[in-house]
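A.B. asks: Got a structure for you, questions after.
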Amino acid sequence: MDNKNICDGANDRISCLEKLAKEYASDEAYFKEELVYGELLRLQAKPISYLIAKAQSLRNQNKIQRAIELLENSVSLGVFNSKLLHVLAAFYRDVKSFEIAENYIWHIISIDTVYSQELGFSVFASDILRKQGYINTAYSMLRHAIVISESLNKKVPLTASAMLVELEHQANNGYSYEVSHRFYDAVYEHSEKYASASADSIYVPVWDKICELFKTYEFQSIVDVGCGPGQFAEYIIKHIPAVDYFGFDYSKISIQKASERVPNAKFLVGNAFDSEIVQENKNDVFLLLEVLEHIEQDIELLSSFPTGSSIIFSVPNFDSFGHVRFYLDVEDVKHRFGDLFTDLAVEKVVLKGYSSIFLAHGVKA
């Protein structure tokens, strides 16, 4: 708008803009008046924060389209700030509208240098931009935000540091949609969440249902593919002490942590695509908990399991840095994996708010 910088240096910018709007109204410059009031609405943090909170509440009720409509209507009226656009981009990511999410990210970067350097936004944006192929931009953006946070003596979350390790690797060695063991090693090495007692995990509702499946089908032995740092191993052995457990993961750090956590279980560093690991283990059931969403060749992996094998797997309804894909509903899961099984059963298990896990089990066709 014309003269939009008049109030930039004012001690009380809101008062200055209010006065400017009245002057435009007096001059019947109604379009300019509208733009000034739009700027005032963007500067008023509380009304916008209420809009964001309401939208997030709708999302947590699985009314995400209504949440998107609420925020889009606000944007169309000029009532928005960078935080609202950030949340809106995240909602579009949640429904797999990645290009729209990307466009909002670029818009925030273009209009708000300060916000775009904040670590919370940079973590989100660098994840989306990496997946859209902008690896160097993602790396530079997150590195810069971390440097700023550290200069201000702000704590840098472990996830951000681990992301930077992976982004640097890809920037120097070539882009990959999948992330490498470097990211998971960095997370497992220092994560308090993964070091906590298994009973405190957010995934307990899923694990309880798996224990029920073990009892229903009388499974006695298990191969846990992508076992991570051993939280589930600890949990199932506590609840079904007689189970014969074997877990493997391609992260050396995770296997080290798992072996320390559950010394009476068997663990091995190994790749899920090593057919010998799968073929040489005679067991009642294969388990893949939050594994398939991390790999591009998920169908190929499941296809490599012996015909007639019982398989339990879980996948999320939410995106994350290491995710190649995620699923919107039960039918989405069945559509991707149903043909690989004689009869695939899928159940949605709510973790918290919007975040859910789809737990599936069946016999390999």
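The values are calculated or read from the model by the stated rules, or taken from the named source; none is laboratory data. It should be emphasised that the depicted structure is a prediction, and the values quoted were computed from it without experimental measurement. A quick note on method: Cβ atoms are made from the backbone with ideal geometry, for glycine too, and the neighbour counts reach across all protein chains shown. Accessible surface areas use protein heavy atoms only, side chains included; no ligands, DNA or RNA. Shrake-Rupley method; radii C 1.70, N 1.55, O 1.52, S 1.80 Å.
A.B. asks: For helix 64-76, report the angle its Cα long axis makes with the longest principal axis of the Cα atoms of the chain; keep it between 0 and 90° and round to the nearest 10°.
C.D. replies: 20
A.B. asks: In addition: Can you give the accessible area of Val156 in Å² (nearest 10), computed on protein heavy atoms with a 1.4 Å probe?
C.D. replies: 30
A.B. asks: Carbon and sulfur atoms: what percent of the 1.4 Å accessible area of region 290-347 do they account for?
C.D. replies: On region 290-347, the fraction of accessible area on carbon and sulfur atoms equals 44 percent.
A.B. asks: Okay, moving on. Give the Kirkwood hydrodynamic radius (Å, one decimal) of the chain, defined as one over the mean of 1/r across all pairs of different Cα atoms.
C.D. replies: Taking the inverse mean of 1/r over all distinct Cα pairs, the chain comes out at 23.0 Å.
A.B. asks: Would you please calculate the Kirkwood hydrodynamic radius of region 278-350 over all C-alpha pairs and express it in Å, rounded to one decimal?
C.D. replies: Across region 278-350, the inverse of the average 1/r is 13.1 Å.
A.B. asks: Also, quick follow-up: Using alpha-carbon pairs under 8 Å, 6+ residues apart, how would you state the relative contact order of region 68-163 in percent?
C.D. replies: Relative contact order comes out at 18 percent.
A.B. asks: Out of the total accessible area of region 168-270 (probe 1.4 Å, heavy atoms of protein only), what percent is carbon and sulfur?
C.D. replies: The value for region 168-270 is 50 percent carbon and sulfur by accessible area.
A.B. asks: Mind listing the long-range amide H neighbours of Phe341? Cut-off is under 5 Å, sequence gap 5 or more, other chains count too, H placed in the peptide plane at 1.01 Å from N.
C.D. replies: Ala365
A.B. asks: Please work through the chain and write down the cysteines that have no neighbouring cysteine Cβ at a distance under 4.7 Å.
C.D. replies: Cys211, Cys227
A.B. asks: Sticking with this structure for a sec: Calculate the length of the line joining the C-alpha centroid of region 189-234 to that of region 65-89, in whole Å.
C.D. replies: 38
A.B. asks: Given the protein chains as shown and a 1.4 Å probe, how many square angstrom of Ile135 are accessible, to the nearest 10?
C.D. replies: Accessible area, nearest 10 Å²: 20 Å².
A.B. asks: Of all the accessible heavy-atom surface of region 1-160, with the other protein chains kept in place and a 1.4 Å probe, what percent is carbon and sulfur?
C.D. replies: Solvent-exposed carbon and sulfur of region 1-160 make up 51 percent of the total.
A.B. asks: Please calculate how many Å² of accessible area region 226-353 carries per residue, with a 1.4 Å probe and no DNA, RNA or ligand atoms counted.
C.D. replies: 44
A.B. asks: Averaging sequence separations of C-alpha pairs under 8 Å and six or more residues apart, then dividing by the length of the chain, give the relative contact order as a whole percent.
C.D. replies: 10
A.B. asks: Quick check: the angle from helix 30-43's long axis to the longest principal axis of the chain, C-alpha only, nearest 10 degrees?
C.D. replies: For 30-43 against the chain, the angle is about 40 degrees.
A.B. asks: Same structure, new question: For region 71-183, taking Cα atoms only, what is the radius of gyration to one decimal and the Dmax to the nearest whole Å?
C.D. replies: When restricted to Cα atoms, region 71-183 yields Rg and Dmax of 14.3, 45 Å.
A.B. asks: Something else: Rounded to the nearest whole Å², what accessible area per residue is found for region 14-167 with the 1.4 Å probe?
C.D. replies: 51
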